[in-house]
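Engineer: For reference, the structure I am asking about is given below.
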Amino acid sequence: GTGFHLRFGGGFMIDEVTEARAVFTYQSLSADLTPMGDFGVSKLYGQYDPYRSFGLDVGFRRYFDATPTVRPYLEGTFGLGFITEIDVVLSAPAANLTARATDFYDRTAAFALGGNAGVLWQLSNRVGVYGQFGLRWMSGLSEIDDLAGTGLEVINDDSARWTMPVVVGMRVRF
């Protein structure tokens, strides 16, 4: 589906090349209709509730001086994401079945690890723009326990994921 991602944060310069950082993130992502298998002779489809999360990542950034205005950096982060409960509507059109599976994924606190590499361009003493590329892993959602015997046990047992965020932003020093 399509989504919304808002990210903002702050940092504290420990010295001229090391920064402690905290970043807050809000995400909301709608879900597409998903084929999930067969129900008798009918195809089984699921329509999930939107994925919504709020997270906090903290970490350290280390700058390297290339020129007076260009500063490459490396960054390591860890954090927690708080994800809302996700329900799903199951339907098998040929079998005339529609059912709501409430609490398909429980509300979850997920753990995250990440690393980024980027470049900061200083436009002035207080303002800079940056671009970065990263790799981030987030642990899985909490599964529900009452799917035993339905044949759906394996649908939601592998929700941990890797992402490759590409971020462009602005830094303002106070």
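Engineer: I want to check the label-to-label distance for Leu113 and Arg100. Put each point 7 Å from Cα in the C-beta direction and report it in nm to one decimal.
Structural biologist: Each label point is offset 7 Å from its Cα along the Cβ direction, giving 3.9 nm.
Engineer: Please state the charge dipole magnitude for the chain, taken about the Cα centre, from unit charges on C-beta atoms (+1 on K and R, -1 on D and E), reported in debye and rounded to the nearest 20.
Structural biologist: So the dipole magnitude of the chain works out to roughly 1040 debye.
Engineer: Quick one: accessible area per residue over the chain, 1.4 Å probe, rounded to a whole number of Å²?
Structural biologist: 60 Å²
Engineer: Ranked highest first by average number of other Cβ atoms within 10 Å, how do 39-51, 5-17, 56-68 line up? Write down the numbers at each step before the final one.
Structural biologist: On the way: 39-51: 15.7, 5-17: 11.5, 56-68: 13.9.
The most tightly packed comes first, giving 39-51, 56-68, 5-17.
Engineer: Can you work out the FRET efficiency for the pair Asp87 and Phe12, with r the C-beta to C-beta distance and R0 = 45 Å, to the nearest 0.05?
Structural biologist: 0.65
Engineer: Continuing with this model, one more query. Please compute the net charge surrounding Pro165, taking Lys and Arg as +1 and Asp and Glu as -1 over other residues with Cβ under 15 Å from its Cβ.
Structural biologist: Working: positive: Arg7, Arg21, Arg61, Arg136, Arg161; negative: Asp57, Glu75.
That sum, taken over residues with Cβ under 15 Å, equals +3.
Engineer: Right, next: Ranked from the most accessible area to the least, with a 1.4 Å probe and all protein chains present, what is the order of Ser139, Ser30?
Structural biologist: Highest to lowest solvent-accessible surface, that is Ser30, Ser139.
Engineer: Can you match semi-axes √(5λ) of the Cα gyration tensor in Å to one of these, [x] 43, 15, 13; [y] 31, 22, 16; [z] 32, 17, 13, based on a calculation from the structure here?
Structural biologist: Comparing each candidate, only [x] matches the computed number.
Engineer: Take the solvent-accessible surface of the protein heavy atoms, probe 1.4 Å, and return the percent of it on the range 11-52 that carbon and sulfur atoms account for.
Structural biologist: In the range 11-52, the share of accessible area belonging to carbon and sulfur is 61 percent.
Engineer: Same structure again: Within the set of other residues whose C-beta is less than 15 Å from the C-beta of Met13, count the net charge using Lys and Arg as +1 and Asp and Glu as -1. Don't skip to the end; give the middle numbers.
Structural biologist: Working: positive: Arg21, Arg61, Arg62, Arg71, Arg126, Arg171, Arg173; negative: Asp15, Glu16, Glu19, Asp65, Glu75.
Surrounding charge for Met13 is +2.
The values are calculated or read from the model by the stated rules, or taken from the named source; none is laboratory data. As the structure is a computational prediction, the values presented were derived from the model and not from experiment. Every residue, glycine as well, gets a Cβ built from its backbone with ideal geometry; the counts of neighbours run over all protein chains shown. Just the protein is used for accessible areas: all its heavy atoms, side chains included, with ligands, DNA and RNA removed. Shrake-Rupley method; radii C 1.70, N 1.55, O 1.52, S 1.80 Å.
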